[in-house]
Structure formats: structure tokens, C-alpha cells
2 protein chains.
Amino acid sequence: MAWWKVNSAGKDVNPDLASERESPSFNVETLTNILDEGAEETRVRRAVVSIIHKDPVFSREFLYFKTRTERYEGAVKNSFHIKRKMKEMGWNENGREIAYIYRALGGETGLNIHNVFIKTINALGTDEQISKWLPLASSYKIIGTYAQTELGHGTYLRGLETTATYDPSTQEFIIDTPQISATKWWPGDLGKTSTHAVVLAQLYSNEKKYGMHPFIVQVRSLKDHSPLPGITVGDIGPKMSFEHIDNGYLIMRNIRVPRENMLSRYSQVLPDGSYVKSGSDKINYFTMIAVRVSMLQDEVLEALKKACTISVRYSAVRRQSELKPGDREPKILDYQTQQQKLLPLVATCYSVHFTAKYVAKFYNDVYGEIRKENFSLLPELHALAAGMKAFATEMCSNGVEVCRKACGGHGYSLYSGIPSLYTKVTASCTYEGENTVLHLQVARFLVKCFAGAQSGTPLPTSTAYLSSPPAGGCQARTPNDFLNPEVYSKAYEYRAYSLISSAAKKMQSLVQLGSEQYVAWNNTSVELVKTSIAHSHLLTVKIFISALNSVSDHPEIKAVLTRLCDLYALHGIVTSAGDFLQYGYLSGKQLDMATTAYLGLLAERRKDAVLLVDAFDFTDDQLLSAIGTYDGNVYHNLLEWVQKNPENKKVNPVFETYLKPHLQSNPSKL
Amino acid sequence: MAWWKVNSAGKDVNPDLASERESPSFNVETLTNILDEGAEETRVRRAVVSIIHKDPVFSREFLYFKTRTERYEGAVKNSFHIKRKMKEMGWNENGREIAYIYRALGGETGLNIHNVFIKTINALGTDEQISKWLPLASSYKIIGTYAQTELGHGTYLRGLETTATYDPSTQEFIIDTPQISATKWWPGDLGKTSTHAVVLAQLYSNEKKYGMHPFIVQVRSLKDHSPLPGITVGDIGPKMSFEHIDNGYLIMRNIRVPRENMLSRYSQVLPDGSYVKSGSDKINYFTMIAVRVSMLQDEVLEALKKACTISVRYSAVRRQSELKPGDREPKILDYQTQQQKLLPLVATCYSVHFTAKYVAKFYNDVYGEIRKENFSLLPELHALAAGMKAFATEMCSNGVEVCRKACGGHGYSLYSGIPSLYTKVTASCTYEGENTVLHLQVARFLVKCFAGAQSGTPLPTSTAYLSSPPAGGCQARTPNDFLNPEVYSKAYEYRAYSLISSAAKKMQSLVQLGSEQYVAWNNTSVELVKTSIAHSHLLTVKIFISALNSVSDHPEIKAVLTRLCDLYALHGIVTSAGDFLQYGYLSGKQLDMATTAYLGLLAERRKDAVLLVDAFDFTDDQLLSAIGTYDGNVYHNLLEWVQKNPENKKVNPVFETYLKPHLQSNPSKL
């Protein structure tokens, strides 16, 4: 067969990639098991992924060619098929398999907010409400969504404008969208699918306002799916990604729902309109944090891991230009500039991995405390989750884009798999709390801790360093001195301390000079955002360092992760050098040493690069990338994929309409 | 009519946007004229844009819903219609109108590489070749493309693998794709449209290799458009953007073309196979530079200007959260963090604008010299164009993405207009020379100049500062001292000087310690990239400063641009603080002062923000943004656009297939 009619049969691993795997300094499988938290978990994960990929209903072939409508239909189809599959396999609805299924499908599932609808009723409904609505929702007899965000308000919940006014004469709530900006906007599954919604609305009763409360509202007919009277509902149109999700909008004109439709576990309106609180709703607050915690692992980190896998493998196969005159073109991974782009991101994957695990554990611990009515750790948990959400989403999104560009032109093709990772993961900087807003919330916590430290109040563990900043400047005398967690974690502490202290003092002095508090806050907010970033950065370094101890049973893995931790930390110092120099903790010469140590690590760890991404253990089906497959047959794959392109099998209609009249007028014999 | 059935008729300007325009400190129209380089040019531009927008054939309505195929067909249609329109209007093919047409259509035109095909024949063909091929191409009797990049090689041209072997027995060249990696990849118009291509191939004659040469090869039949025998050709599939362009791939199996098909202005193969050079081809080199020069203005800057216009207007209309407790929600533009995101980018637009003009002028000057056979300025021009291409594409792409995120959730909707700006402009970091590669080319020039300075060789103007670095550290004593071009341009000079000097010394010392030259280069390349960035950054600051003198006739404009220049320069100092501190030119305290000056400028220039983007003078049709229209009716537009969404008028097929069976099984009376 002619070589240009490519097919996948019997391909060997590209020798350029095979050679990267020849003499590993550590066992990749062991590292995979560590990331999975146990060999048994690796086994389960692989079994689930394999079952999903073998099922033709779940096929993702031609995904990059699908229209929005096809993506949406495919996602809904997947969701119903997942239900069947789980039953068939005997997997539990709340078991660990569901997360692996979701990842195996690259998140291409529908009815995700229907699940939020269910969870919300479970969390905020009375037992009666739960027993009425949950059986309906679980069996898809109704399809729900969660309608919170409006055209005019997102992260700032207090500003939401939808109203729910109680009418004691009929014992109903009147749900209303009073103006354009109050239109519900963004809820997933609402655009084309839902029949019901939990609507968040400002409650009014007896002319008093009681703030945001949840109400169940039916929006579409169960019979023919048409919008109910008074309801305007539809899809909000195309987005940068999430083609498979029908994010929707919703206008409600004086829709009446019975009093029983307000979810009333924590507060209810009595028939006469009086408002009764029943218990604390602090626990609700928790749902929001839970989402921030789980998205780190499932959405954000996953995208960077995939992008690193693709770009590192590609860089070990792509040969370009020349280094040594006359020699064969080198692998682009041998260029220092390429190492500088990719290796710190591989290190970031590991950092975020351990961070996500840490935050999840802290969350569970606090949850345990809260069930014992101990709320003391809540502020720290909130700051931790908010800071890590903002810090990690920014790092991971930017990182994915760096990976994409590092693949040159091929990174721009959807076939590389990276563009769709980026356009999706970048949304995480905005949803579940806009990053700048979150950083400012963390900063408020930090400034409070700093003030506490000044007055001798004991501080939460994560900010304990604010009571005793490292004194005396950095002690490093040689580049090698920087390959020491003690040395760089102190530098990060000093940086965070200095920025927080400086911002706090600036605010204080502005107030002393006569500014109102809120003006001083706003005029310091650029610096306050920096404090949150520096603090979160410090935490990730510390968490990485302490994770090293957990792998002491595997000295060769500990060795490689230790250097990766060094790399992560030194890269941060080199790229945010200003913060470390400004307050004199590092001298210019020490920064030079840190840079030398950092560049030395790049050259040294380059040999682990492919192994470190192999350990993420993605299947080719998961990566959906022509340039990132395990076998590294990049050009072969690209050619195969374009030849499969359905578009290339069609006649180009433009030929008949526009080209032929000109071409055919050609008298010569070309 | 109900308020939620929105329409555009008779909308007033949103009072929040109107108030921004109430008492301008300068005349916006005058600034627009300055940007256009004359009121007459403003008039012409507006006339062209208006004519294009009034023509229904060019309508861009529903662009965000179109499939790749529809986009492609629309772009080809546009191109043919432009031809007709220009004839109708009496516009000259080489006149200034064409650039305005292109911009009015947001670049949504086809057959762009067909024009490169024409230009290439014009530049590299003999008179005979020109008179044979140009009439055919100009009248679309053939459609051409320019096939250079291959699967295996992009920026590194010497690595291209397609061969052209001369066969004296038949006086033909045999054009061949010897293996997969030699497949031509990316040429625009090739995927579905072209009948011919200028193919770049390694010339072999009498078993000698002569390097890359251009050959005209027919790829498709003029009769039925099918690929000719031996040709495999098609579309390379979906990309991150450029949906309207049919980038293609091409495999040629021993295709014979007559000897006359090698473009032979500068070199030819005689019938017996002997190779003859005729004149210098240095001028060709120029084409590549010309593209880099023109793309700055037409593609890269245009995207950032649009993104700034949209995000600044939106930020003056969007109200969110609270600053002063109890007060009305403030415009988000009043938050310092939002100003920090957007104002430096508005300043960057002006900086890149003046830079693009400067580079274009320098290009023309050098072109004049070259026609007089004076090639002495060529290295400086190359470094200038390469450095500015890499620097500006990176800044503008990143800037567009910052604008998008600054619009929160609405920035993620395609309706905002910004996602499609980003996914398109980011490609400019890769095409026409990958940025890291270009920066390293500039660095090579800088290191050479630095060595020259050491040995007393006179330096080109742009690097003259390398002979006499600013001595004695920065003299600023107060924040206000930093509002001084003298002060900050010296700081930028010192920074560039220090980085170049440090990189050069490092390389020298590596070589002295026994490294081979190429190893020393590679091990310094991360720092070398920094030198090019610092040098390019310095040039943009200097060019901005000198542009201020050109507006001296308009003191109120000069005043506002001077502050914008300060803002641009100080933002750079604050965000790259490490470079300025490391070598001791600024002290930590001075960096504090610079930060204070910078933050002060944000608060102060916030009032000009809307006016400064209004001056870019985009029509709503050009912006194609629901949230960036001149009238600022953001929510109104969004609601109107979703209600026009053709998807929302269709029945959802998922209802019948997946939902109904469940919903209909509902026994209760919901």
C-alpha cells in the first residue's frame, strides 16, 4: 500500500519516544499508583475507562467536527447511556466509578445541572419535599436545573433581582423577573432540556424583604415541552467552549407556585406570611466550597495534565532546526527554551495534584468538625478553597495555553487536542467565583490574620507565618543552596509576609490620612490581590514539600519528586523575582544563583519529562490528540486524521457556484 | 409591547455610558484623525466601512452560528463580491480602500493566499512568467496558493523536504513528497479551492543540491476540480479559529512540470541542468519582513483595539457588588483591580499603534536604500521587525484574553465578540515566525551589537544605548519623579543593557570553561529571549515618547497621550520589577514609588478610558459584540440576540428521542 494512504495497523512506537522510556530512574507504574492513591485504585480506574472506551455508543470519533447541536445531543445520549451502563455493571450511583466515567468521556455529558437540582433539593428541602421531588427527578420524570446567576449579577449574590412575593390570600409565591437584568442567565440544561428549575429569588412577605431563597418552578410542559404561560426560556447561544451544554435564559412573568415550593429546611413562610428560621444554614455555604474543591481535581488539573502529556510527547518527537552545526536536527525538547516552557508546567501538575488532595482532605476534616457544631475552621477553609481555586485555575489555564503554543502550528489544530482543553478550562477562572473577587476575599482574611498577629491573637495554621517572619535575609551562598526546601520555603514566607504587611500598612496610612475605609481598600486592591497570590503560592510550595514525606517508601520516586518540587519553587522565584528582591530578602546575586540552580534543573530533569507525563496514565482515547499519542507517531496520525475528515470526501459546492464560471472560461490547455 | 420582547428601535445611549462622554478633556474626533494620520483619511475609511456594511451580501449577522463550511463559502462569496464592488465604486486594486474593506469584514474573506500566489510570481518570476501566469490568476482562471510549510517543518525553512529534481532528458522537474513529514501542510485556499500552487522545494540538478526554490504546480483539474493524478490534496481540518479558511495539505508523487515552471527571476536551471544565479535575491527576504510589518497593524493591533473597546464600554455599564456600604452598586470600571486590567491595555493599543507606524516607516526607508543597493540597514530592520512581531503579538494576544476575562461570564459568550478575537489573534504568535525563534534571532543581533560596542564599532541607532549604559542608578526621589520619560526610558535602557551584558558574559564564561559555542548558546537561551523582550520593550517606550512630539499641535491630546505613555512604561516596570531591581538600577523603595505613581495614574486616567477607546472609531458592525456597542445597552442586546437565535426557534429533537419516554411516563399532574 502506498505510504501516504496511512492506517493505524501495526504501528511501532516512534523510536524518538521509545528512547525516552529506555532507562527510567524510577518506576512509572509506581508513580501512577501514588497519584491514584493505591494500586487497587489504578486498577479500578483503568477498568472503568476501558469499559467506557470499548462501548461504541460513547465513541468520541469526529468530535472535533460536530456542530453544537450534535454535541448537545451526544451529551444527553451519553448521560442516559451511563445510567444503563452503570446498572449493567452493578456500579453504585454514589460510587467512585462515576468520576472516572466522566473523565473517560472528557466531560462530554449532559444533565449535569439536573444533578445539582437533585443535590439542592436534598440539601435544602424538608423531608416531605425530598420525598415528593426526588423520585421524580431521579427517574427523569422531571428534568431540573439550578437558576441562580442573572444577566446583571454573577458572583455577587446579594445583587440578584428576581423576586418571590408571598400572597397569603392564595398561599402562593409570585415569582417574577422585574426587568431585563434580572433574566436568569447561564443555568446549564435550561436552554433546551429542563422542565423545572430551582430558582433563587429575593423573598418578600408582608412587605418585608428576607433575602435569597430557593423555589421550585416548572418552566416547560411535560407533555410537549413547550414553555408554560408566562415563561420565556431558551438557549443563550454559542460560547467559547461547552458546546455540549445548553446554558439557558429564563424570564418569569408573575408565575404562581404553591407555598410548598419554597425549599424549607432552614426557613419557611407560614400560611399567614410570617417568616420562620429553623436551624442554621451555614452548612449551605459548604456546597459552594465543595464545588471549588472538586473542580480543582476533576476539571482544572485534568486539563493541564493532558496538555502537558501532549506537548511533552510531541516535543520528544518533533525535530527542528539545528543546535550543533552539521548534526541531525535535535528534538525540540532539547532546547532550553522549550524545557523552560514545559518542565515547570509538569511540576505544576504535581503541585496542583497534591494541593487538590490536601484541600479535599482539609475540607473533609472541617466537615467532620462542623457536624459537631464546631465552625471555627470555616474561615480558614473558605480562604484556602477560594485562594486555591483562583490560583490553580489561573495557573492551569495559562499553562494549557503555553503547552499549546509550545507545539507551534500543530498546537493550533483542533487535532492536537489542546485548543479545546484551553477554551474549556479558561472558563474556570470565571465560574464558581470570579478569580479577582476570590483573591480579594482571601486578602481580607489575610489582613485580618495580620492584624491578629500584631495584637498577639493565635493564628490559623496556614497563616501562622504572619506572627514570625523569617529574619535576616536569605542565607544561600551558592546555586546549590537553593535546592533546599528550607531555603525556598522561607523565601516564599518572607515574600507573602512582606506583601501582606506592606498592603496592610498602606491601608492603615491611607485611613490615617483621612480616606474612608472603603476607599483605602479599593486603592490598595491591586496590592491585595498580590497578597492572596503570594499566600496561595506559598501554600502550594509547602504542601508539595510535605507530600514528599508521604512517598518515603519509594526513594527513587521521592528523589525525582523532590527535584520537581525544587523546580516548581525556583521557577516561581525566577518569574516573580520582583517580589523577592523588593523587600531585600534576596539580593541580585542570590537571584542569579537561584536562576542558575533553576536552569540547571531544567537540563537535568529533561530526561524525566516523558516518564513524568506517562505517569498521568491517560489513554489515547482520553487525550483525543493526533500529536500526543503514546506511540508518538505524530505525522502519521495527522495524515490519517485528515484523510478520515468527512469534509474531504464531499464535493466542494463553491466549485459549482463561484469557481467553475471563471475556471471554465479558461481557453488555454492548462 | 412587553419589555422582554426587545428590539433595537429607538434605543438611547445607556446613561452610564453617556456620562463618560459628558465632559471630555480632549476632542475624540481629533484623536481619531491623528490615529488615521489625517481627517481626510478618517473620511475615506468611514465611507468605505459604511458602504461595506450597507451591502446585504456582506452581512455578518449570525456569524457566530455558522458552521465551518458556511464560513468558508461566505468568505469566498465575499471575495468575489469585493471584486465587483470595487469595480462598481471605481476603487483601485492597489488603493487604500482594500485594507478598510478587509477590516470592515473582520478579515472574513477568502482567496487571500491566491493573492500571495500572485505577489510571489510578480516578485520571483521572469517577465515572461509574469505575463503568462498573472492574467490567468488575476481573472481567477486559475486559483493559486503558496505551499511552503510542511508537516515536519515550519519556521526552519532549510529543513523543508519536498524535492524538485531536474530531468534534462525531458526538460522537466520532478516534484516529489518523499515521506509523510514532507507533506505540505497549512497553505490557505489549498484545502478546497486552489487549482495551482507555488511549491517551495529543494532543487536538485545533476545530483547537486541547490536549496529552496519556487515551482508552479497544478494540483486540481480546471474542468471538474478533482485532484490531478499523483496529487493527494485536502483540508487539514478544524482549527482554533480561521474557520473560513481552507488550510490544506498536499502530497505530490513524482509530478512532472516543465522547466519553465520554476520561477526564475533570480536563478534558473538551463536545459542541460546547469544552475545559473542571476542577481541578488536579498530583496526576497524582504517579503517576509513586509508581512511581519503589515500584520502588526492589520491583524494584531486591530484585535486588541476591539477587545479594549468592548471591555472598557462594558465596564462602564456593568455595575456590581459594593464599594461604599449602602451606596448604589458601582461601575466595575471604578474598581482599581479592573482599571489595572484594562487601562494598561488601552495604553498598549496606543503604544503598538505608534510602533507599527514606526516600523512601517523604517521598512519603507530601508526599502528605498535597498533599491539603491545599500543593504547596510537590513540587519537592523530584520531585528526590529522580528522583535516587534514577537513582542507585539504576545502582548496583544495576552491582552485580548485579559479583556475577555475582565468581562466575567459575558466575556465567555461568543456574543461578546472577544472569544473569536482571541482564538484568531493568538495564531499570530506562531505564524510568520514562531515567537521564541524570532526572539533568539533578535538576541543574536543584540549580542553581536554588544560585542561591537565593547570593541568600539559604531552601533545601529536602535542599539546605540549598548555603548553607554546609564550610570549611577535611578535618580527618582518621589513617585512624581517617575512621571518623566527621561527617568523611565533610562530605566528601560539600563534593564536591556544589563540583561544583554549579563547573557553575553555568561556565554563567554561558559565557552571559557570549555563549552562548545552552540552548547553555551543553548544554555543561555532562556536569558537571551529575555534580552530580546527587554530590548523590544525599550523600543516601544522610546517610540511612544517620540510620537508625543508629533502631536504638539494639539496640547490637550498631547497631555492625555503623555500620561498614557507614562502608564504604559510604569506598568512595564511594575510587572517586570525583577529586571529593574536585580542589577540595582532601582531600589526597593524606588519600586514602591513607581508603583504609587502607576496606581495614581490608573485612578486619574480612568475618566478618559471610554473616550480613548471611542477614538478607535469602530462601528458596532465591526465589533459584532452585544456587550460593546456604542450605546452600551448591554443587557438589552444580549436578550435581543438570544431571541434571534435560530436554534431557539427549532423544536429540540432530544425531546422526542430521550426526554419524552421518561416525562410521559409521569403519572402525576405536574
Checklist entry - How would you order A:130-139, A:471-480, B:565-574 from highest to lowest mean count of nearby Cβ atoms within 10 Å? => result B:565-574, A:130-139, A:471-480
Item to check | Cα centre as origin, Lys/Arg/Asp/Glu Cβ charges: the range A:85-186 dipole, Debye | outcome: 420 debye
Checklist entry - Which value at 222 nm does chain A reach when only helices count, each DSSP H run of 4 or more adding -39,500 (n - 2.57), with the total divided by all residues and rounded to the nearest 500 deg cm²/dmol? => result -16500 deg cm²/dmol
Item to check | Other copies of B:ASP224: label-to-label distances in nm, shortest first, labels 7 Å along the beta-carbon direction | outcome: 4.9
Item to check | Separation in nanometres of the label points that stand 7 Å from Cα toward Cβ, at A:GLN517 and B:ASN374 | outcome: 6.9 nm
Checklist entry - Over all residues in A:215-223, what is the mean tally of Cβ atoms on other chains that come within 10 Å of each residue's Cβ? => result 2
Checklist outcome for this item: One decimal, nm, nearest first: from A:LYS83 to the same residue in each other copy, label points 7 Å out along Cα→Cβ, the values are 5.6
Checklist outcome for this item: Taking only the alpha carbons of the range B:256-330, the radius of gyration and the largest Cα-Cα distance, Dmax, both in angstrom, are 28.4, 90
Checklist entry - What's the average, rounded to a whole number, of partner chain beta-carbon atoms within 10 Å of each residue's beta-carbon in B:648-661? => result 6
Checklist entry - Considering every residue in B:88-95, what mean count of other chain Cβ atoms within 10 Å of its Cβ is obtained? => result 0
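Work out how much length B:ASN206 to B:SER509 would gain on full extension: take 0.36 nm times their residue separation and subtract the Cα-Cα distance, in nm to one decimal.
Additional length available on full extension: 104.5 nm.
Give, rounded to the nearest 20 debye, the magnitude of the charge dipole that the protein assembly as shown has about its Cα centre when Lys and Arg contribute +1 at Cβ and Asp and Glu contribute -1 at Cβ.
900 debye
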Checklist outcome for this item: Restricting to lysines and to Cα separations under 23 Å from A:LYS589, and discarding same-chain partners fewer than 8 apart, the set is A:LYS490, B:LYS490, B:LYS505, B:LYS506, B:LYS530, B:LYS589
Checklist entry - HN-Hα J couplings of the range B:402-413 from phi, Karplus 6.51/-1.76/1.60, θ = phi - 60°, integer Hz, Gly and Pro as x? => result 4, 4, 4, 5, 5, 8, x, x, 5, x, 8, 6
Checklist entry - Say R0 is 22 Å: what FRET efficiency, to the nearest 0.05, do A:GLU260 and A:SER169 get from their beta-carbon distance? => result 0.85
Checklist entry - For the pair A:GLU37 and A:LEU270, what calculated FRET efficiency results from E = 1/(1 + (r/R0)^6), where r is the Cβ-Cβ distance and R0 = 41 Å, to the nearest 0.05? => result 0.25
Item to check | Label zone at A:THR596, where the point sits 7 Å out along the Cα-to-Cβ direction: the range B:523-537 residues whose backbone N lies under 19 Å | outcome: B:523-528
Next on the checklist: Between B:LYS649 and B:ALA471, what is the label-point separation in nm under the 7 Å Cα-to-beta-carbon projection?
Outcome noted: 7.7 nm
Checklist outcome for this item: Summed over the other residues with a beta carbon less than 11 angstrom from that of B:GLU172, with K and R at +1 and D and E at -1, the charge totals 0
Checklist entry - If you count, for each residue, the other Cβ atoms within 10 Å and average over each peptide, how do B:352-363, B:315-326 line up from highest to lowest? => result B:352-363, B:315-326
Item to check | Spin-label model distance (nm) - B:VAL13 vs B:GLU486, 7 Å beyond Cα toward Cβ | outcome: 4.0 nm
Checklist entry - Whose amide H sits under 5 Å from the amide H of A:ILE236, counting only residues 5 or more places off or on another chain, with H placed in the peptide plane? => result A:ASN247, A:GLY248, A:TYR249
Checklist entry - Just how large is the dipole of the range B:50-105 about the Cα centre, in debye to the nearest 20, putting +1 at every Lys and Arg Cβ and -1 at every Asp and Glu Cβ? => result 80 debye
Checklist entry - Which residues' amide hydrogens lie under 5 Å from the amide hydrogen of B:ALA476, considering only partners 5 or more residues apart or on another chain, with H built in the peptide plane? => result none
Checklist entry - Between B:ASN92 and B:PHE65, what is the FRET efficiency for a Förster distance of 30 Å, r being their Cβ-Cβ separation, to the nearest 0.05? => result 0.25
Item to check | Sequence-distant residues sharing a close amide H with A:SER267 (under 5 Å, placed H) | outcome: A:SER278
Next on the checklist: Could you tell me what a quarter of the Cα convex hull surface of the range A:554-612 works out to, in nm² with one decimal place?
Outcome noted: 4.4 nm²
Next on the checklist: Using each residue's phi in the range B:259-272, evaluate 6.51 cos²θ - 1.76 cosθ + 1.60 at θ = phi - 60° and report the 3J(HN,Hα) Karplus result to the nearest Hz, with x for Gly and Pro.
Outcome noted: 3, 5, 7, 7, 5, 10, 5, 10, 6, 9, 10, 6, x, 7
Checklist outcome for this item: Expected vector for the range A:361-378, Karplus 3J(HN,Hα) from phi with 6.51, -1.76, 1.60 and θ = phi - 60°, integer Hz, x for Gly and Pro, equals 5, 4, 4, 5, 4, 5, 4, x, 5, 5, 5, 8, 6, 9, 9, 5, 8, 4
Checklist outcome for this item: If each part is reduced to its alpha-carbon centroid, the range A:593-669 and the range B:358-385 end up apart, in Å, by 37 Å
Checklist entry - With a ≥ b ≥ c the root eigenvalues of the C-alpha gyration tensor of the protein assembly as shown, is it rounded (a/c under 1.5), prolate (a/b larger than b/c) or oblate? => result rounded
Next on the checklist: Let me check I've understood the local charge: for B:ILE52, count other residues with C-beta under 13 angstrom from its C-beta, Lys and Arg +1, Asp and Glu -1. What total comes out?
Outcome noted: +2
Item to check | Ranked by how many other beta carbons lie within 10 Å on average, peptides A:103-115, B:179-191 from highest | outcome: B:179-191, A:103-115
Checklist entry - Given the range A:451-516 reduced to its alpha-carbon atoms as identical point scatterers, what log10 I(q)/I(0) does the Debye formula return at q = 0.21, 0.29 Å⁻¹? => result -0.91, -1.22
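Values in this text are rule-based calculations from the coordinates and carry no lab data. Values in this document were obtained by computation on a predicted structure and should not be read as measured data. Using ideal geometry, Cβ is built from the backbone for each residue, glycine included, and neighbour counts are taken over all protein chains shown.
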